[in-house]
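See below for the structure under consideration.
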Amino acid sequence: MTKQSFHPTRRQTLLLMGAAGLTTLAPSLTPLGAAQAQEAPSGQLVIGFSQEPTVFNPHMPHIEVDEGVHYAVFDPLFDVDQDGNFFPLLAAEVPTVENGGISADGLTWRVKLRDGVTWHDGTPFTAEDVKFTIELLVNPEFKSWRSTGHDQVRNLTVVSPTEITWTMEKPFAPYLSLLAGTFIVPKHAFEGQDPNTAPFNNTPIGTGAYKWKNRVAGDHIELEANTNYFGDGPYLERLVIKYIPDLTVLYTQFKTGDIDLVGLQWITPDHYEEAKGLSDRVVEVVGTATFESLSFNMQRPQFQDLAVRQALYHAIDKQAIIDALYYGVPSPTETFMPRESFYYNDALPAHEYSPDKARALLDEAGWVPGDDGIRVKDGVRLAFTNSTTAGNHLREQVQQFLQQSFQDIGVEMTISNLPPAVMWGDYWMLSQFDSVVVGLNVLTGADPDASTFFLSSASPAKGGAGQNTWVYENPEVDALLTQGAETVVPEERREAYLKIQEILRADLPFLPIYQYAVIHGRKAGVEGFAGNVNNRIDTWNVRSWRWN
């Protein structure tokens with residue numbers, strides 16, 4: 001397809017930093033906490049996660065739970081709050097056209113950095129660290145989790161210890177949001193080291209509100225207050241991230257008070273009625289940008305047949321799953337885009353549960369039942385494994401539901417679950433699975449860009465830097481993602497993302513089940529917590545958490 005030409009006006013370029021409806025705040029750190037006078041850190045807070053954080057270099061392939069640690073230990077240049085406002089962290093101010101940080105054509109960037117910031121080991125933070133971080137992300141010898149956007153940076157120049165400039169190869173609307181999700185790492189920690197195996201990767205050094213203290217693999221991670229933190233906070237002396245893979249046990253420990261806040265995987269819907277009646281607890285339902293899906297490894301021969309993917313979708317009774325297992329809390333969806341987004345496509349074909357149509361599709365495609373009832377075509381049995389996190393009892397029940405539904409149309413699905421550290425390691429990132437039940441947020445913060453997940457070149461299994469673990473390839477989607485990233489006016493960008501959703505709904509590299517509505521829970525005395533649809537993990541503002 002022909003790439004859209006781009007000749008930005010000044011107004012259009014202003015939208016480079018507001019393409020997703022985002023705005024910027026002044027350099028004040030007010031969003032980080034309510035108090036103006038810093039108080040000494042005190043007390044301990046225990047967060048319960050159902051998955052174990054295992055990747056502590058924020059630029060290596062990782063999943064959401066790892067960011068539970070990253071947000072505590074590291075800082076980006078700036079971040080996005082729950083209302084969609086950018087606010088500065090390591091940057092002295094958020095760059096805009098108005099303050100001279102971004103040129104009128106969107107190509108030249110100048111970022112002023114906060115002075116007097118130190119790393120946890122006492123080394124001064126400077127612009128050299130920012131330069132090193134961006135260059136690390138595009139280093140072909142480094143296992144980078146995301147090079148999108150950073151690969152368009154040119155002429156990266158340290159002007160002074162507190163100022164850095166660069167030019168973009170072309171205007172790239174999502175880059176401000178990408179930078180908001182890019183944690184800065186210390187150059188000196190990698191000197192003379194292979195960044196893939198550096199000691200830093202197991203004992204991280206950041207500028208964040210909390211410092212690494214220790215890790216007991218399989219049990220917990222302990223962080224301690226960084227009393228030299230440049231911003232508001234931290235208010236806690238210790239932060240403990242406790243790993244509890246069984247969701248029922250996670251809830252029970254919240255109920256008994258052993259954990260103070262339920263993090264990733266949250267309170268499951270089957271416990272919601274009881275949870276909201278607990279004394280001295282705050283329990284609330286919050287929408288997120290994450291969607292649940294049955295995702296395929298498109299390298300597997302059985303999934304390369306579109307009729308198979310379509311038939312499997314017809315065989316799933318999504319509403320029954322939502323009502324029976326999730327108590328009607330989440331809403332069914334046909335796309336990766338949250339319905340709250342300006343870019344959400346509400347005109348996609350509605351899913352139809354019809355085992356009869358599923359069987360007819362497979363019959364027409366030449367998948368013939370064998371002696372054991374499982375369909376076969378060209379020597380390939382219509383059989384595959386399905387994996388998810390061991391101990392997630394609701395997902396395990398979903399798997400059993402799917403297993404029976406697929407068996408009824410002549411498809412064999414074998415359940416093969418793994419501990420989270422194994423499941424979301426190379427097994428997921430290098431596409432070693434057949435299929436998975438997984439929850440994903442594929443957006444770039446509040447920006448609709450999903451290049452990291454859907455570009456053909458973003459499959460780690462094929463040597464790419466990204467999270468296209470489906471190994472999905474579609475040239476039209478590639479072109480639309482490029483067009484969407486280069487178009488800065490939201491109304492014009494929207495057309496590209498509506499079409500991307502339409503194509504993915506037709507191609508079905510994943511079968512969308514529902515958009516998350518998660519149930520947060522914390523003790524009544526925990527203050528500063530705030531859900532944020534623009535970030536992937538609840539600890540985005542852990543610097544502000546405190547006990548009342």
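Every number here is computed from the coordinates shown, using simple stated rules; none is lab data. Since this is a predicted model, take the numbers as computed values, not measurements. With ideal geometry, Cβ positions are generated from the backbone for all residues, glycine too; neighbour counts draw on all protein chains shown.
Please give the FRET efficiency for ALA390 paired with GLU284, using the beta carbon to beta carbon distance and R0 = 35 Å, rounded to the nearest 0.05.
On the way: r = 28 Å, r/R0 = 0.81.
That pair, ALA390 with GLU284, gives E of 0.80.
Got a sec to turn the phi values of region 142-155 into Karplus ³J(HN,Hα) couplings, 6.51 cos²θ - 1.76 cosθ + 1.60 with θ = phi - 60°, whole Hz, x for Gly and Pro?
Residue by residue, region 142-155 yields 9, 7, 7, 7, 7, 10, 3, x, 5, 6, 9, 7, 10, 6 Hz.
Near the amide H of THR385, under 5 Å away, which other amide H atoms are found, from residues 5 or more places off or on another chain, if H is placed in the peptide plane?
Amide H neighbours of THR385, under 5 Å, 5+ apart: THR414, ASP434, SER435.
Could you calculate the FRET efficiency of ALA530 with ASN139 from 1/(1 + (r/R0)^6), where r is the beta carbon distance between them and R0 is 60 Å, rounded to 0.05?
0.95
So if R0 is 51 Å, what FRET efficiency would GLU98 and THR252 give, r being the distance between their Cβ atoms, rounded to the nearest 0.05?
On the way: r = 52 Å, r/R0 = 1.02.
So the FRET efficiency works out to roughly 0.45.
A 23 angstrom limit on the alpha carbon distance is what I want to check against. Which of LYS357/LYS499; LYS143/LYS187; LYS112/LYS187; LYS131/LYS170; LYS276/LYS523; LYS357/LYS377 exceed it?
LYS357/LYS499
Could you pull out every residue, at least 5 positions away or on a different chain, whose amide H is within less than 5 Å of the one on SER50? Hs are placed 1.01 Å off N in the peptide plane, and Pro or chain starts have none.
Correct list: ILE244, LEU264, TRP266.
Taking 0.36 nm per residue of separation and subtracting the Cα-Cα distance, what length does fully extending THR108 through ASN202 add?
30.3 nm
ARG381 label point, 7 Å along Cα→Cβ, cut-off 19 Å on backbone N: hits in region 416-430?
416-417
Which of GLU135, GLU396 has the fewest other C-beta atoms within 10 Å, and how do the rest follow up to the most? All intermediate terms of the calculation are to be shown ahead of the outcome.
Numbers: GLU135 14, GLU396 17.
Fewest to most other Cβ atoms nearby, the residues stand as GLU135, GLU396.
Rounded, prolate or oblate: which one fits region 386-487, using the alpha carbon gyration tensor with axes a ≥ b ≥ c (rounded when a/c is under 1.5, else prolate when a/b beats b/c, else oblate)?
Verdict is prolate for region 386-487.
Distance from the Cα centre of region 446-466 to that of region 476-521, in angstrom?
A separation of 13 Å, based on Cα centres.
Among the lysines, select those whose C-alpha is under 17 Å from the C-alpha of LYS211, and discard any that sit fewer than 8 residues away in the same chain.
LYS242
At 30 angstrom or more along the helix axis (alpha-carbon based) and mean Kyte-Doolittle of 1.0 or higher, what helices does the chain contain? Whole DSSP H runs only.
none
I need the phi-derived Karplus couplings for region 222-232: 6.51 cos²θ - 1.76 cosθ + 1.60, θ = phi - 60°, integer Hz, Gly and Pro marked x.
Coupling constants for region 222-232: 10, 10, 10, 4, 8, 6, 9, 4, 6, x, 6 Hz.
Based on the alpha-carbon gyration tensor of region 454-500 and its eigenvalue square roots a ≥ b ≥ c, which shape applies: rounded if a/c is under 1.5, prolate if not and a/b is larger than b/c, or oblate?
prolate
Contact order normalised by length for the chain, with contacts defined as Cα pairs under 8 Å and 6 or more residues apart; what percent is it?
So the answer I get is 22 percent.
Taking amide H atoms as placed 1.01 Å from N in the peptide plane, list the residues 5 or more away in sequence, or in a different chain, whose amide H sits under 5 Å from that of THR162.
Long-range HN contacts for THR162: ALA127.
Quick check: from the Cα gyration tensor, does region 161-254 come out rounded (a/c under 1.5), prolate or oblate?
prolate
Between (1) 23.4, 75; (2) 22.4, 70; (3) 25.3, 87, which matches Rg and Dmax of the Cα atoms in Å calculated for the structure shown?
Read-out from the structure maps to (1).
Determine, for VAL158, VAL411, the number of other Cβ atoms within 10 Å of each Cβ, and report the residues in order from fewest to most.
With the fewest neighbours first, VAL158, VAL411 line up as VAL158, VAL411.
Run the simple label-point estimate for TYR327 and GLU191 please: 7 Å along Cα→C-beta, distance reported in nm.
Between TYR327 and GLU191, the label points sit 5.6 nm apart.
In region 63-88, which residues have a backbone nitrogen under 20 Å from the label point lying 7 Å from VAL216's Cα in the Cα-to-Cβ direction?
69
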